[in-house]
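Q: Take a look at this one; I'll ask things after.
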Amino acid sequence: MNAASTNPRILVIDDEAQIRRLLRVTLESGGFDMSEANSGRSGLSEAAALQPDGIILDLGLPDLAGIDVLRQLREWSQVPVLVLTVHDRAEDKTTVLDAGADDYLTKPFNGSELMARLRAIMRRARSVNEPPIICFGDIEFDQPARIVRRQGKDIHLTTREYALLRLLVLHRGKVVTHRQILRELWGPNSETDTNYLRVYMNHLRQKLENEPSNPKHLLTEAGIGYRLIE
């Protein structure tokens, strides 16, 4: 919740100024504060900076597809998201819900229905969202920027190394099994190929641990999987 107000803050990500004006009137009359962004990239930046209580997301944005904005957002936040779109096909609805949207509403929309849906998804939301930057040791894992830093310097990770680290960060403190990692990073047909994991985990430790052979953060649970300790 926004520190300067007792009202919940909603971030609207939509490139149509007319829609944003309409939403501002609707939201403010319903007791919400509103911030806005007119593109996908600026929306992601605002989401990280503001930590809003909810997001209304248009799918037809000029720079990033709304579905890609949603997928990137879900890498580091569980903020409630209501998708607004002109498309009403069943497959579109399924796609956005599978990507992490909490609800879906088509344009043109009824203001009362929008408010009811927004209140409903916010009631169901987690009380605490993931912070945008996770720190462990001298490592910063900047989720919105997709950057990993060590002692303030950017560390280059391959796509697969980043995906492995992100999975461990999201489940930090808990054991993530070999099977779960392999399934999520390589697919269901690779669940027994644990040699892949050893190679990528060794790479991560070389880049992130002070003593790779005696890691303090990227720990092995023998015969089970790996655990990230902050």
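The values are calculated or read from the model by the stated rules, or taken from the named source; none is laboratory data. Given the structure is predicted, the values throughout are model-derived calculations rather than measurements. With ideal geometry, Cβ positions are generated from the backbone for all residues, glycine too; neighbour counts draw on all protein chains shown.
Q: Do we find that Arg71 is in a helix (DSSP H, G or I), farther than 19 Å from Met122 by Cβ and at pLDDT 90 or above in this structure?
A: For Arg71, the condition - in a helix (DSSP H, G or I), farther than 19 Å from Met122 by Cβ and at pLDDT 90 or above - is met.
Q: May I pose another question? Filter the range 5-52 down to the residues that are hydrophobic (A, V, I, L, M, F, W, C), in contact with a Gly (Cβ under 9 Å, 6 or more places away or on another chain) and in a strand (DSSP E or B) and list them by number.
A: Matches in the range 5-52: Ile10, Leu11, Val12, Ile13, Ala37.
Q: While we're looking at this one, here's another question. Before we move on, is Leu185 in contact (Cβ under 8 Å) with a residue 24 or more places away in the chain and not in a strand (DSSP E or B)?
A: For Leu185, the condition - in contact (Cβ under 8 Å) with a residue 24 or more places away in the chain and not in a strand (DSSP E or B) - is met.
Q: Continuing with the same structure: Only one of Gln180, Gln206 is polar (S, T, N, Q), outside any strand (DSSP E or B) and touching a Pro at 6+ places or on another chain (Cβ under 6 Å); which?
A: Checking each option against the conditions leaves just Gln206.
Q: Can you tell me how many residues in the range 97-136 are under 30 Å from Leu204 (Cβ atoms) and surrounded by 15 or more Cβ atoms within 10 Å (Cβ to Cβ)?
A: 8
Q: Inside the range 137-175, can you point out the residues that are surrounded by 15 or more Cβ atoms within 10 Å (Cβ to Cβ), of a type in the set (Asp, Glu) and either outside the structural domain of Leu208 (by TED's automatic domain parsing) or in contact with a strand residue (DSSP E or B) (Cβ under 7 Å, 6 or more places away or on another chain) (or both)?
A: Glu140, Asp142
Q: Evaluate the range 71-88: report whether one residue or more is free of Cβ contacts under 8 Å to residues at least 40 places away in the same chain, of a type in the set (A, V, I, L, M, F, W, C) and over 28 Å from Arg146 (Cβ atoms).
A: Within the range 71-88, one or more residues are free of Cβ contacts under 8 Å to residues at least 40 places away in the same chain, of a type in the set (A, V, I, L, M, F, W, C) and over 28 Å from Arg146 (Cβ atoms).
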